[in-house]
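Only one structure is covered here, and it is reproduced in the block below.
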Amino acid sequence: MSLEVFVLGTSGMLPLPDRHLTSTIIRRNGQLFLFDCGEGTQVALKKINMHWKKIDYIFISHMHADHVTGLPGLLMLSSQVDRDKPLYIYGPEILNEYINSNRKLLDMFINYEIIFKPVKLGVNLETEEFIINSVPLLHTKPCYGFILREKDRVGEFKVDRAEELGIPKGPLWGKLQKGETINYNGKTFKPEQVLGEKRKGNSFAYITDTMYLSSISNYVKDVDILICEGMFTKDLSEDAYEKKHMTSSQAAKIALDAGAKKLYLTHYSPRYSSYELKKLLNEAREIFTETYLAEDGMYIRIENND
């Protein structure tokens with residue numbers, strides 16, 4: 001099992017000709033998870049040939065225009081392709097008012113169920129295979145970061161070991177693979193007798209629009225991929241503080257303290273040209289060497305012990 005990360009946009013505040021607004025989509029086992037939906041998200045999805053009809057969950061970090069104004073168009077577009085499953089949207093409580101107002105004012109035809117869930121700190125979505133938590137951030141409006149962590153999977157089933165133990169192929173193997181203890185021929189067999197070590201789940205964190213908080217590192221501990229805003233160079237640290245944003249160096253400090261495997265910077269100030277973004281990268285790498293610049297249309301694969 002793997003997580004596939006598609007970077008849709010990396011610009012903060014306003015879109016640029018070569019930079020859409022900050023947004024990322026995750027694909028996991030066919031399911032799609034969209035994080036933020038600024039103006040131009042539809043275009044960004046089209047560029048990577050992603051079928052927005054299949055988006056299952058949308059997570060909105062906060063109610064600033066550059067993170068949410070693409071949502072009405074996406075909702076209307078989905079209805080034009082006969083979407084037949086509900087769409088779950090997580091975000092600040094006022095987001096629900098924004099959605100309903102747009103539906104009324106624009107006379108939207110929606111032929112599927114929209115299920116709105118106010119973001120709560122901690123667990124927001126949990127299945128047998130993964131969990132999505134929200135992280136408290138500090139911005140000019142209530143803002144949340146999001147972490148998707150897969151649960152550890154059972155180890156690889158050792159066929160030769162099961163055969164040596166005389167366990168017949170069939171339902172008993174299936175029970176052992178699920179972690180169940182079985183009885184056969186008067187003997188008890190435990191899963192650890194035929195399973196290898198547990199396989200670590202993949203993990204992804206999305207942190208944007210916040211001033212530096214040391215506490216963020218605790219929440220994103222050991223993530224495989226941290227996508228984090230690095231809006232300014234360190235010479236503009238005072239501006240970052242006043243606007244409740246971060247420098248790339250501060251993002252790198254979070255990644256270092258968290259023990260993240262890789263950091264991808266995003267939400268760049270529009271004052272920086274594509275060439276000037278190298279300064280953001282260089283300053284971050286002075287602190288955390290596994291730092292990269294996220295780019296519009298970038299594809300990242302997270303794969304542990306597949």
When you check Glu192 against the structure, is it surrounded by 12 or more Cβ atoms within 10 Å (Cβ to Cβ) and over 28 Å from Phe130 (Cα atoms), yes or no? no
Note on region 234-264: residues touching an Asp or Glu at 6+ places or on another chain (Cβ under 6 Å), surrounded by fewer than 24 Cβ atoms within 10 Å (Cβ to Cβ), outside any helix (DSSP H, G or I) and at negative phi are Lys261, Lys262
ask   = If you go through region 71-81 one residue at a time, do you hit one that is surrounded by fewer than 19 Cβ atoms within 10 Å (Cβ to Cβ), farther than 17 Å from Val5 by Cα, at pLDDT 95 or above and not small (Gly, Ala, Ser)?
value = no
Listed by first then second residue, the pairs whose first member lies in region 112-125 and is under 17 Å from Trp52 (Cβ atoms), whose partner is basic (Lys, Arg) and surrounded by 15 or more Cβ atoms within 10 Å (Cβ to Cβ), with beta carbons under 8 Å and at least 6 positions apart or on separate chains, are Tyr112/Arg83
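Limited to region 37-59, what total is found for residues that are part of a loop (DSSP other than H, G, I, E, B) and within 16 Å of Arg19 (Cα to Cα)?
Residues meeting the conditions: 5.
For every residue, the table says whether it meets (1) in a helix (DSSP H, G or I); (2) touching a strand residue (DSSP E or B) at 6+ places or on another chain (Cβ under 8 Å).
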{"site": "Arg103", "(1), (2)": "yes, no"}
{"site": "Met108", "(1), (2)": "no, no"}
{"site": "Val123", "(1), (2)": "no, yes"}
{"site": "Ile131", "(1), (2)": "no, yes"}
{"site": "Lys141", "(1), (2)": "no, no"}
{"site": "Leu148", "(1), (2)": "no, yes"}
{"site": "Ala162", "(1), (2)": "yes, no"}
{"site": "Leu176", "(1), (2)": "yes, yes"}
Of the residues in region 1-26 that are charged (D, E, K, R) and farther than 15 Å from Asp224 by Cβ, the one that is modelled with the lowest pLDDT is Asp18
The lone condition His62 fails out of (1) in a loop (DSSP other than H, G, I, E, B); (2) buried (at least 22 other Cβ atoms within 10 Å of the Cβ); (3) free of Cβ contacts under 8 Å to residues at least 40 places away in the same chain is (3)
Filtering region 148-187 down to residues that are exposed (fewer than 15 other Cβ atoms within 10 Å of the Cβ) and of a type in the set (S, T, N, Q) yields Thr181, Asn183, Asn185
From the option list Tyr212, Tyr292, single residue qualifying as surrounded by fewer than 24 Cβ atoms within 10 Å (Cβ to Cβ) and part of a strand (DSSP E or B) is Tyr292
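The values are calculated or read from the model by the stated rules, or taken from the named source; none is laboratory data. Here the structure is a predicted model, which means the values were calculated and not measured. All Cβ positions, even for glycine, are placed from backbone atoms using ideal geometry, and neighbour counts span all protein chains on display.
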